[in-house]
1. Report, ordered by the first and then the second residue, all pairs with beta carbons closer than 6 Å, sequence separation of six or more or different chains, a first member in the stretch A:233-262 that is within 13 Å of A:Gly280 (Cα to Cα), and a second member that is part of a loop (DSSP other than H, G, I, E, B) and open to solvent by 40 Å² or more (accessible area, probe 1.4 Å).
2. Out of A:Ala88, A:Ala74, report the one residue that is away from chain B (no Cβ under 14 Å) and open to solvent by 40 Å² or more (accessible area, probe 1.4 Å).
3. Out of everything in the stretch A:150-166 that is in contact (Cβ under 8 Å) with a residue 12 or more places away in the chain and among the acidic types (Asp, Glu), what residue ends up being nearest to A:Phe30 (Cα to Cα)?
4. Using the structure shown, decide if B:Ala69 is crowded, with 24+ Cβ neighbours inside 10 Å, within 13 Å of chain A (Cβ to nearest Cβ) and more than 19 Å from A:Asp53 (Cα to Cα).
5. Cβ-Cβ distance below 7 Å, separation of 6 or more or different chains: which pairs start in the stretch A:53-70 with a residue that is under 15 Å from B:Gly82 (Cβ atoms) and end on one that is in a strand (DSSP E or B)?
6. Evaluate the stretch A:27-39: report whether one residue or more is crowded, with 21+ Cβ neighbours inside 10 Å and more than 17 Å from A:Leu167 (Cα to Cα).
7. Exactly one of these conditions fails for B:Gln101: (1) out of contact with any Gly (no Cβ under 8 Å at 6 or more places or on another chain); (2) touching a residue at least 40 places away in the same chain (Cβ under 8 Å); (3) polar (S, T, N, Q). Give me its number.
Amino acid sequence: MKARAFSYFRAGTIDEALAAHADAGDDARFIAGGQSLVPALALRLQAPRILIDINHIDELRSVRREGEWLRLGALTRHCEMLTEPLVAEFAPLLRAAAPFVAHPAIRNRGTLGGSVALADPASEFPAMVLALDAEIEIAGPSGRRCVKASDFFIDLFETALAPGELLVAIRVPLFRSNQRIAFDELARRRGDYALVGCGMIATLDRDRIADISIALFSVGNVPTRARSVEAVLVGSSLDAGRIAAAQAALSADLAPADSDDVPAAMRVHLARVLLGRLLGRLGEVR
Amino acid sequence: MSSAPTELDESDEAVRVRMVVNGRKVACDVAPRVTLVDCLRGQLELTGTHVGCEMGACGACLVQLDGRAVHACLMFAVQADGARIDTIEGLSESGVIADLQAEFHRRNALQCGFCTPGMLINAHELLSQVSRPSREAIRDALSGNFCRCTGYEAIVDAIAAVAEARAAAAQGRGDSSR
């Protein structure tokens, strides 16, 4: 339970961090909050030659409005999601998900960028970034680029990030007054990884759903959009019949594997239950 | 007992780390892979911070990093260079958690005591953010602190009682800042 030896570099700028990674021949890891990386090092699931600490890079730190986007620096800590007024106003889905992320002390240290870059399929923020059609800003040896969330999550712990690239910020479209959100998850104990979780954002046109985006987590190798369910709901009002139809459609979107403690059928069932509850809540707040 | 010479691994060589621990400036020489909790316990002999799961699940190693509770097993000592660290020893000596400690004692909110430093640091942070948390909020805040002895009930009781007492005292002083 002790990490293999590594050397340590504290980067002051993004360029310094990228250069250090390149110098190490990419046998390196960036460390932000470290709340998943440090256990992985302790268990020797990972053993890089050098650890590049990005916690002191000021450029990664800010939360600000940029035109029609809220831009969240990669180092935005989970606890800041609960206290930052801009998040509450312009990204309430992230605010709603934050209390479900691990435990308070983990939230004091863990970062949004780290969570999204790790892409744990059981994590809240990657799925909510997907639900929000966010864009992911990436810095790398060949410059900056931006990737849509729908193109970012590729497979289990695999993202569009190439070796040596650093996630710099997440941009989410500003929340509007005709939108509603809902989030919840089912877990055996508070703070545990969810058996299944779901978040959604709907755009309303009077009492009808003009647009809706639904993402689930803990349902497969990657955070998953429920596109069939969304198609059933667009143009409808949220009456009981339509919610039931949405629940029925969910099996077309999910193909979870059996795991030791949760059979696939149980996970789909739980996802349906959760979907129904959340759609019911969306209907109530209208 | 003789042992074969080991190959020198330069990345395992100690680096100088300077921190303010419990209000005192300290410097220690640690290899980058040494966690903060091992540094606190081994080099600084502050053994009130406990090593439990070493993966952020049990909460026995909580310390304050620049005033916020963090797992000392989930960061390396070298990352704390330049930071302020407060451990259970510092919080005890300063008296800021004396009422929590007394209430834990009075209500038997500990048996073996292994989890207690982490429980106290977490409870201290909760009560600094929310003056009168519900029992549900207290349980939620403690969800990352394992206790294998008490069943938690007395711990929740103790924290709730201190919250009430502090709120009553604040009211008595006419302090409406919270």
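The values are calculated or read from the model by the stated rules, or taken from the named source; none is laboratory data. All values derive from a computational prediction rather than experimental measurement. No Cβ is skipped: glycine too gets one built from the backbone with ideal geometry, and neighbour counts run over all protein chains shown. The area values use the complete protein model at the heavy-atom level, side chains included, leaving out ligands, DNA and RNA. Shrake-Rupley method; radii C 1.70, N 1.55, O 1.52, S 1.80 Å.
1. A:Ser237/A:Asp207
2. Details: A:Ala74 fails: open to solvent by 40 Å² or more (accessible area, probe 1.4 Å).
Checking each option against the conditions leaves just A:Ala88.
3. Filtering the stretch A:150-166 down to residues in contact (Cβ under 8 Å) with a residue 12 or more places away in the chain leaves A:150, A:152-166.
Narrowing further to those that are among the acidic types (Asp, Glu): A:155, A:158, A:165.
On the way: A:Asp155: 20, A:Glu158: 16, A:Glu165: 9 Å.
Restricting to residues being in contact (Cβ under 8 Å) with a residue 12 or more places away in the chain and among the acidic types (Asp, Glu), the top hit is A:Glu165.
4. Numbers: crowded, with 24+ Cβ neighbours inside 10 Å: yes; within 13 Å of chain A (Cβ to nearest Cβ): yes; more than 19 Å from A:Asp53 (Cα to Cα): yes.
Yes, satisfied.
5. A:Asp53/A:Tyr8; A:Asp53/A:Phe9; A:Asp53/A:Arg10; A:Asp53/A:Ile31; A:His56/A:Arg10
6. Yes, the conditions are met somewhere in the stretch A:27-39.
7. Condition not satisfied by B:Gln101: (2).
For (1) surrounded by 15 or more Cβ atoms within 10 Å (Cβ to Cβ); (2) out of contact with any helix residue (DSSP H, G or I) (no Cβ under 9 Å at 6 or more places or on another chain); (3) assigned to a loop (DSSP other than H, G, I, E, B); (4) within 14 Å of chain A (Cβ to nearest Cβ), each residue gets a yes or a no:
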residue	(1), (2), (3), (4)
B:Glu7	no, yes, yes, yes
B:Asp38	yes, no, no, yes
B:Leu46	yes, no, yes, no
B:Val63	yes, no, no, yes
B:Phe104	yes, no, no, no
